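All remarks here apply to the structure that follows.
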Amino acid sequence: MVTVQDFVEAGMSREDAEDLAAKIDLYMELPSPTERWNNISRHLLRSDFPFAVHKALFDRAYAGWDQKLGPPPAWIPSEQEIRSTHVHELMAAHGCRSYEEMHAWSTRNRHEFWNEMVERLGIVFDTPPTTVVDPKTSVEAPDWFPGARLNIAKSCFSAAEEEIAIVFQPEGGELGRVTYGQLDALSNRVAAGLVENGIFPGEAVAIYMPMT
């Protein structure tokens, strides 16, 4: 049981805590844990609520979850969100009725599948590959896209500079946004710093930092 006082101690205002507590029971009566959490996360929780509140309600919604099913899902896509994905479009294009059928098709038609992926994901090659996979290599050690050269940054920054690339929230802070133009400038600063320190293509660089 999560009380109003629990919400307040987690950092919510009493007004928000009382409003949230009054609406929780309606969704907690749903029979499926995934239904409970999906409705709570979509209709009640807000991005400005403390993470501790999200976590407490997640744990309550999934109380008694069968761990044999794996970890409980924190995000459950809507039908509209599913239909907007590359996977759904690909399934429809090739007449696949399930993910398993799509996976089976992709393994039978590796060249066609990966050609489509390159096009759908907007991968930009400096030097195009001679083929998708070298037919002389084995299944255990395939040579994918032989002869190709690319700078992955060219594929990452194909959107307009003013469009949003990242939405983030520092612990205890407000939501922040980084545009593609800002992110491109930041990545160029890192690249310039590597060159300034004598690092050139072909050399290995290790990054040692906390996950943030």
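A few remarks follow.
- Sum of -39500 (n - 2.57) over DSSP H runs of 4+, divided by residues of the chain (222 nm, nearest 500): -13500 deg cm²/dmol
- Magnitude of the charge dipole, the range 1-77, Cβ model with Lys/Arg +1 and Asp/Glu -1, debye to 20: 300 debye
- Legend: residues Arg46, Arg177, sorted from most to least accessible area (1.4 Å probe; ligands, DNA and RNA excluded), read Arg177, Arg46.
- Percent accessible area from carbon and sulfur atoms, the chain, protein chains only, probe 1.4 Å: 56 percent
- Solvent-accessible area per residue for the range 144-212 (1.4 angstrom probe, square angstrom): 84 Å²
- Sorted largest first, extent of the range 83-212 alpha carbons per principal axis (Å): 45, 38, 29
- Pairwise centroid distance, computed over Cα atoms, of the range 1-63 with the range 65-110, Å: 29 Å
- Extreme residue, positive dipole direction of the chain, given options Ala61, Ile123, Met12 (C-beta unit charges): Ile123
- Evaluated with a Cβ-only charge set (Lys, Arg +1; Asp, Glu -1), the range 1-137 carries a dipole of roughly 420 debye about its Cα centre, given to the nearest 20.
- GluC sites (Glu not before Pro) within the range 117-212, DSSP loop, no more than 15 other Cβ atoms inside 10 Å: Glu140, Glu161, Glu162, Glu163, Glu171, Glu174, Glu203
The values are calculated or read from the model by the stated rules, or taken from the named source; none is laboratory data. Bear in mind the structure is a predicted one, so any value in this text is a computation, not a measurement. With ideal geometry, Cβ positions are generated from the backbone for all residues, glycine too; neighbour counts draw on all protein chains shown. Ligands, DNA and RNA are excluded from the accessible area calculation, which covers all protein heavy atoms including side chains. Shrake-Rupley method; radii C 1.70, N 1.55, O 1.52, S 1.80 Å.
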